[in-house]
Amino acid sequence: MLGMIFNAAPGAIFAETIRRSVNGGFRDALEVQFGSLVGDATWAILGLAGVGILLQSEFLKVPVGIGGAGYLAWLAWDSWQASDIRPASTPATVNITNTGSALRSGMILSLSNPQNVAYWAALGSAFGALGISAPTGGDYAVFFTGFMVSSILWCFVCAGAVHRLFSGRGDTWRIWTYRICALAFVYLAIGTAYETISLIG
């Protein structure tokens, strides 16, 4: 349940999934989702390994926040630029922009998302709130397995829904989808930068 709630929350990965699906279809949307599993698993392992105190420190949050804000800003620029590209006239450019790196994009977004740090820092240091006062290695393994299974299922659900709603809708739909995604990335980049600056201050 926590895995589904965590993955269903709208954010940068969801926006990138929509953006990639417009021209890349179901496959690119699924690659973004699969790429995000790398970050999910990494932060989950760190959180459940009992390093909640470390993850809560500014030593890790600040560089992750800076990297995340920078990458989100780059995605905003890339998405806005891609909205002006006409697939019929320049298919090669579109392929370079929108395919081939969807998996990597999902990985980077997930690994550089400060929300992941906060989520697993809290969960890793407060596992007792789930009803287990003295969790064992087996408890952590079961929880991690359940989380990752729900995350993998969500990859297919999300990619399928996004593909059905946003793919093959025509040029005007594609342009405005890209531009809306660009604005969403700008908003997320500003929010991430603000949170990071507040940690420094």
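The values are calculated or read from the model by the stated rules, or taken from the named source; none is laboratory data. This is a predicted model, so every value here is computed, not measured. FYI the Cβ positions are ideal-geometry reconstructions off the backbone, even for glycines, and counts take in every protein chain you see.
Might you check whether a residue that is modelled with pLDDT of 80 or more and surrounded by fewer than 12 Cβ atoms within 10 Å (Cβ to Cβ) occurs anywhere in segment 182-189?
no
Could you identify the single residue in ALA141, ALA122 that is within 19 Å of MET1 (Cβ to Cβ) and modelled with pLDDT under 80?
Numbers: ALA141 fails: modelled with pLDDT under 80.
Matching residue, one of ALA141, ALA122: ALA122.
Could you list all residues from segment 149-181 that are surrounded by 15 or more Cβ atoms within 10 Å (Cβ to Cβ) and modelled with pLDDT under 80?
Within segment 149-181, PHE166, SER167, ARG174, ILE175, THR177, TYR178, CYS181 qualify.
In a helix (DSSP H, G or I) and either among the acidic types (Asp, Glu) or within 12 Å of ALA69 (Cα to Cα) (or both), is that true of TYR194?
Details: in a helix (DSSP H, G or I): yes; either among the acidic types (Asp, Glu) or within 12 Å of ALA69 (Cα to Cα) (or both): yes.
Taking the combined requirement at face value, the residue satisfies it.
Check every one of the helices (runs of 4 or more DSSP H) wholly within segment 1-117 and list those with 2 or more residues that are modelled with pLDDT of 80 or more. Talk me through it step by step, then tell me what you get.
On the way: elements: 2-8, 12-48, 52-55, 58-83, 91-98, 102-111.
Of the helices (runs of 4 or more DSSP H) lying wholly inside segment 1-117, those with at least 2 residues that are modelled with pLDDT of 80 or more span 12-48, 58-83, 102-111.
Determine whether TYR187 is of a type in the set (Ser, Thr, Tyr) and out of contact with any Lys or Arg (no Cβ under 7 Å at 6 or more places or on another chain).
yes
Which of the residues spanning segment 1-43 are without any contact (Cβ under 8 Å) to a residue 40 or more places away in the chain and among the polar types (S, T, N, Q)?
none
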